[in-house]
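The values are calculated or read from the model by the stated rules, or taken from the named source; none is laboratory data. Values in this document were obtained by computation on a predicted structure and should not be read as measured data. Cβ atoms come from the backbone with ideal geometry, glycine included; neighbour counts cover every protein chain shown. Surface areas here come from the heavy atoms of the whole protein model, side chains and all, with no ligands, DNA or RNA. Shrake-Rupley method; radii C 1.70, N 1.55, O 1.52, S 1.80 Å.
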Amino acid sequence: MTILIALLTLGGLTLLLALMLTIANKKLYVYEDPRIDVVEGMLPHANCGACGYPGCRPFAEALVKGDMLPGKCTVSSEDGRNAIASYLGVDAGSEEKQVARLSCAGGLNVAINRAKYEGLGTCRAEALVSGGSKGCAWGCLGKGDCERVCDFDAISMNEFGLPVVDEAKCTACGDCVEVCPKDLFSLHPVSHRLWVACKSLEAGDAILDDCEVGCTACGKCAMDAPNLITMANNLPLIDYSKNHNTQVPIQRCPTGAIVWLENNGNVVKGVEAKKIIRKGKKMLGES
Amino acid sequence: MFNLAKNTFKHGVHPPENKEETNRLPIRQFPFAPLIILPMQQHIGNPSQIIVREGQEVARGQLLAKANGYMSVPMHSPVSGKVRKIANVPVISGQMVQGIYLEPFPFSGQETIEGKPIPLSASPEEILRGIQDAGIVGLGGAAFPTHVKLKIPEGKKCEYLLINGIECEPYLTTDHRVMLEQADDIFMGIRYLLKATGAKEVVIGIEANKQDAADHLVGKIPQDLPVRVQVVPVKYPQGAEKMLITAIIGKEVPSGGLPIDVNTVVVNVATTAEIGRLLPHGQGIQERVITITGPAISKKGNYLIPIGTPLRYVLEQVGASKNISEVFMGGPMMGVSASSLDISIVKGTSGIVVFGDNDVKKTDKIYPCIKCGACVDACPIFLNPSKLGILAKFEAYDSMAEEYNLMDCFECGSCSYVCPSNIPLVQYFRLSKGIIRKRKANIQQKTNA
């Protein structure tokens with residue numbers, strides 16, 4: 001008898017609650033486009049934020065709604081973007097791939113350290129102590145904060161302590177731009193091959209004491225390509241809205257501060273640029 | 001009057017003082033360097049605006065740059081000479097800022113241009129403007145514009161004026177010598193400050209290791225001034241504004257608040273002397289007293305050095321040894337280690353401490369936190385540096401700011417000093433504070449946009 005009461009009570013309660021859940025499920029149902037799940041499945045799940053949305057799911061919602069085009073996702077491959085575009089029946093959109101570029105070429109073989117830094121081994125910590133050990137006030141400190149923060153292994157430090165960006169892996173998420181205490185990274189379309197690899201505001205030979213590849217603000221590049229380049233704050237400023245597919249400005253640069261970046265990661269310097277053959281670290285006072 | 005049992009704050013540390021080598025040496029005038037380098041950003045706030053041009057000849061005391069807004073001070077020429085160029089100059093923060101290269105005339109003298117005097121009968125606003133026009137900033141090291149600090153906000157009342165003669169930093173004897181040699185200027189400055197703030201009572205706080213200065217000042221107190229001298233026990237960081245208020249008035253400045261929230265204004269003793277010396281003549285600040293000491297210096301002493309003298313020249317003149325390892329601008333606890341000798345003396349430089357190769361203990365390995373609690377016992381504002389250090393390591397910046405009140409930390413360095421595991425706690429905190437401030441600014445920018 002006791003068993004029966006228990007069974008009836010619990011069974012009745014189960015049925016009642018099940019009924020309530022069923023009603024709630026029908027009444028309170030929120031329609032969600034099933035395509036969002038599908039599109040999200042096709043996205044790379046990097047959640048990097050390069051598209052401007054907090055993650056891949058909000059971006060998928062925007063795609064389905066039609067606010068965005070799949071091309072905005074720089075992380076997925078060409079095929080992946082086209083797959084999403086054909087699934088949604090929209091244009092893939094032609095977002096030009098952007099990459100992070102470093103405005104410094106002062107590795108240990110060309111730029112001196114005025115002091116020896118001891119303390120926490122991050123760039124941001126070093127920059128707090130009197131600006132860090134580097135002779136040049138604007139130069140890369142080489143402690144590799146950008147390498148550590150990069151989620152895509154696109155940045156590696158070379159033998160001279162300078163970060164090298166792998167253009168194929170870089171998704172232009174902007175984490176390295178954020179983390180660099182000297183603000184040396186910026187995001188640029190890959191077609192920007194003409195590049196000023198220096199951020200020193202110093203004019204004249206003063207910079208050469210600290211770094212052999214610094215910009216001396218001689219203005220030769222601006223003279224050779226007057227429409228393309230202007231000198232601002234002792235640095236060449238390239239107007240990328242003009243035709244910049246030319247190697248003319250780099251030819252007469254005496255230090256190789258303005259360079260041509262090739263597809264395969266090679267850096268082309270002008271014919272007049274000083275040749276750097278030093279393989280080891282540059283010491284204070286060495287010329 | 002000299003009750004040593006209380007009159008101090010809780011926690012704190014006792015680093016070796018090392019003051020006895022310079023505290024008996026009188027202030028000596030320093031020669032003019034062959035080239036004076038004046039950065040325009042010597043204070044907290046907007047950089048000064050240059051009003052001279054290249055090639056112009058200027059006299060000692062002439063205005064070189066005017067204040068750019070309220071949160072800024074002007075710059076005066078420390079020497080008679082010629083403006084060689086206006087260009088970027090290095091400063092201690094490692095940045096390059098706009099500055100003036102001045103070439104003194106050979107045999108240029110000490111005589112200084114005088115401006116419009118500010119009499120004691122002037123109104124508080126006129127006195128504050130006079131203080132700004134004289135280019136006076138906090139000479140204790142922070143270089144905060146003094147006229148901004150003295151401006152009493154609407155609805156607040158200033159009752160106590162604390163003159164900070166604590167000088168708790170090891171090695172430094174700048175304020176000690178100023179109190180012994182410039183007592184009249186200090187009391188003149190106090191008259192101006194009383195007028196400007198409307199305070200009822202003045203207390204000069206001095207640590208017990210400067211008893212001679214305290215006795216000297218007590219003997220000099222003018223009859224008509226409500227001044228008393230309070231000697232407090234030696235402890236670091238007693239010279240910090242908030243600690244000094246706790247030690248002398250016994251009140252605690254609320255978290256995120258200012259001294260005026262407990263009706264107090266704190267002014268450094270050297271700043272007070274500068275006000276008392278400059279305002280009656282309408283002059284601007286041209287030089288300051290700096291203690292140069294440390295094991296690697298042969299001619300240690302207290303020097304009156306023109307602002308803008310290059311550090312390299314200073315070290316040459318005082319006989320620094322060849323194998324310098326570290327140069328601290330300020331004291332060894334809160335000062336900054338210079339990364340380049342090309343910087344120059346600025347208004348906020350209270351001392352230069354130089355160590356040679358053999359005097360500096362090289363950084364050992366950083367060991368894990370053993371949770372001994374030594375830093376918790378040392379922290380003068382009752383934070384938990386141990387927990388904060390662990391959070392900083394894991395980059396939990398939001399938690400540090402909101403749950404553990406990181407932003408109250410004034411980076412005195414007591415926690416790093418006592419840490420047996422060599423954890424660079426203060427560096428962690430400075431880094432974290434910078435990141436938190438940057439994030440806040442970003443959020444602010446986004447909400448405004």
**Q.** Dipole in debye (nearest 20) - segment A:98-268, about Cα centre, beta carbon charges: Lys, Arg +1; Asp, Glu -1
**A.** 280
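Total accessible area buried between chains B and A, 1.4 Å probe, in Å² to the nearest 100?
Adding both sides of the contact gives about 1800 Å².
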Q. Roughly how many whole Å is it from the C-alpha centroid of segment B:118-153 to that of segment B:357-383?
A. 38
Q.
I'd like to know how segment B:374-448 sits against the 2.2 N^0.38 Å rule of thumb: what's its Cα Rg over that expected value?
A. 1.13
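Rounded to the nearest 20 Debye, what is the dipole magnitude of segment B:374-448 about its Cα centre when Lys and Arg each give +1 and Asp and Glu each give -1 at the C-beta?
With Lys and Arg at +1 and Asp and Glu at -1, about 380 debye.
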Q: Counting only heavy atoms of the protein chains, get the accessible area per residue of the protein assembly as shown (1.4 Å probe) and round it to a whole Å² value.
A: 47
Q: Mind checking the full-extension length gain between A:Asn266 and A:Leu4? Use 0.36 nm per residue of separation minus the Cα-Cα distance, one decimal, nm.
A: 86.0 nm
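Looking at segment B:326-424, which chymotrypsin sites (Phe, Trp or Tyr not before Pro) are in a loop (DSSP not H, G, I, E or B) and have at most 12 other Cβ atoms within 10 Å?
Those satisfying the criteria are B:Phe382, B:Phe394.
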Q | Unit charges at the beta carbon, dipole of segment B:374-448: most positive-side option, B:Cys415, B:Pro380, B:Gln445 | A | B:Gln445
Q | Whichever lysines have a C-alpha closer than 22 Å to that of B:Lys371, once near sequence neighbours (fewer than 8 apart) are set aside | A | B:Lys10, B:Lys387, B:Lys393
Q | DSSP-defined antiparallel bridges as percent of all bridges, chain B, nearest 5 | A | 60
(Q) Of all beta bridges DSSP finds with both residues in segment A:138-287, what is the antiparallel percent, to the nearest 5? (A) 100
Q) Under the definition of Cα pairs under 8 Å and six or more residues apart, what whole-number percent is the relative contact order of segment A:35-88? A) 34
(Q) At 1.4 Å probe size, with the rest of the protein present, what percent of the exposed accessible area of chain B is carbon and sulfur atoms? (A) 53
Q: Would you mind checking the tilt of helix A:56-65 against the longest principal axis of the Cα atoms of chain A, expressed as 0 to 90 degrees and rounded to 10?
A: 70
Q) Rounded if a/c is under 1.5, else prolate if a/b is larger than b/c, else oblate: which is segment B:381-425, with a ≥ b ≥ c the root eigenvalues of its Cα gyration tensor? A) oblate
Q: Between the chain alone and the structure with every protein chain in place, find the residues of segment B:91-125 that drop at least 20 Å² of accessible area; heavy atoms, 1.4 Å probe.
A: B:Ser93, B:Gly94, B:Met96
Q) What's the FRET efficiency of A:Leu284 with B:Ile443 using the Cβ-Cβ distance as r and R₀ = 25 Å, to the nearest 0.05? A) 0.05
Q) In angstroms, what radius of gyration and Dmax does the protein assembly as shown have, counting Cα atoms only? A) 31.1, 118
**Q.** Anchor B:Lys220: aspartates and glutamates whose Cα lies under 15 Å away (excluding residues fewer than 8 positions away in-chain)
**A.** B:Glu181, B:Asp184, B:Asp185, B:Asp212
Q | Rg over Rh [alpha-carbon atoms, Kirkwood Rh] for chain B | A | 0.95
Q: For segment A:98-268, count the residues as N, evaluate 2.2 N^0.38 Å, and divide the Cα radius of gyration by that value, please.
A: 1.01
Q) If you take the charge dipole of segment A:98-268 about its Cα centre, with +1 on Lys and Arg Cβ and -1 on Asp and Glu Cβ, which of A:Ala225, A:Val213, A:Ser200 is farthest toward its positive end? A) A:Ala225
Q: Go through segment A:110-127 and flag every residue whose accessible area shrinks by 30 Å² or more with all protein chains in place compared to the isolated chain (probe 1.4 Å).
A: A:Arg114, A:Glu118, A:Leu120, A:Arg124
Q: Go through B:Lys149/B:Lys347; A:Lys97/B:Lys446; A:Lys282/B:Lys438; A:Lys143/A:Lys275; B:Lys210/B:Lys300; B:Lys195/B:Lys300 and tell me which ones have a Cα-Cα distance over 28 Å in this structure.
A: A:Lys282/B:Lys438; B:Lys195/B:Lys300
Q: Can you tell me the relative contact order of chain B? Whole percent, Cα pairs under 8 Å, sequence separation 6 or more.
A: 19
Q | Spherically averaged projected area of segment A:1-148 from its Cα convex hull (nm²) | A | 18.4
(Q) Rounded to the nearest angstrom and ordered from largest down, what semi-axes does the equivalent ellipsoid of chain A get from its C-alpha gyration tensor (root of 5λ)? (A) 55, 25, 14
(Q) Full-extension gain between B:Asp215 and B:Gln95, please, as 0.36 nm times their residue separation minus the C-alpha to C-alpha distance. (A) 38.9 nm
Q | Antiparallel content of DSSP bridges confined to the protein assembly as shown, in %, to 5 | A | 70
Q) Per the 1.4 Å probe, what fraction of the accessible area of chain A, in percent, lies on carbon and sulfur atoms? A) 57
(Q) Which positions within segment B:339-359 get 50 Å² or more of their accessible surface covered by the other protein chains, compared to the chain by itself, with a 1.4 angstrom probe? (A) B:Ser339
Q.
Testing the spin-label approximation: label points 7 Å from Cα along Cα→Cβ at B:Asp261 and B:Asp357. State their distance in nm.
A. 5.0
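About its Cα centre, how strong a charge dipole does the protein assembly as shown have in debye, to the nearest 20, once Lys and Arg get +1 and Asp and Glu get -1 at the Cβ?
Result for the protein assembly as shown is approximately 460 debye, rounded to the nearest 20.
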Q: Please build a GNM for chain A, connecting alpha carbons under 10 Å apart, and tell me which residue among A:Pro236, A:Pro54, A:Pro249 fluctuates the most.
A: A:Pro54
Q: Find the relative contact order for chain A and round it to a whole percent, using C-alpha pairs within less than 8 Å whose residues are 6+ positions apart.
A: 15
Q.
So if I average 1/r over every pair of distinct C-alpha atoms in segment A:166-250 and take the inverse, what Kirkwood radius in Å does that give?
A. 14.4
Q: Can you find, among A:Ser241, A:Asn158, A:Asn263, the residue farthest towards the positive end of the dipole of segment A:98-268? Put +1 on the C-beta of Lys and Arg, -1 on that of Asp and Glu.
A: A:Ser241
(Q) Rounded to whole Å, give me the distance from the Cα center of segment B:250-314 to that of segment A:16-88. (A) 62
Q: Express the Stokes-Einstein translational diffusion coefficient of segment A:35-88 in µm² s⁻¹, to the nearest whole number, given a Kirkwood radius over alpha-carbon pairs, 20 °C and a viscosity of 1.002 mPa s.
A: 203
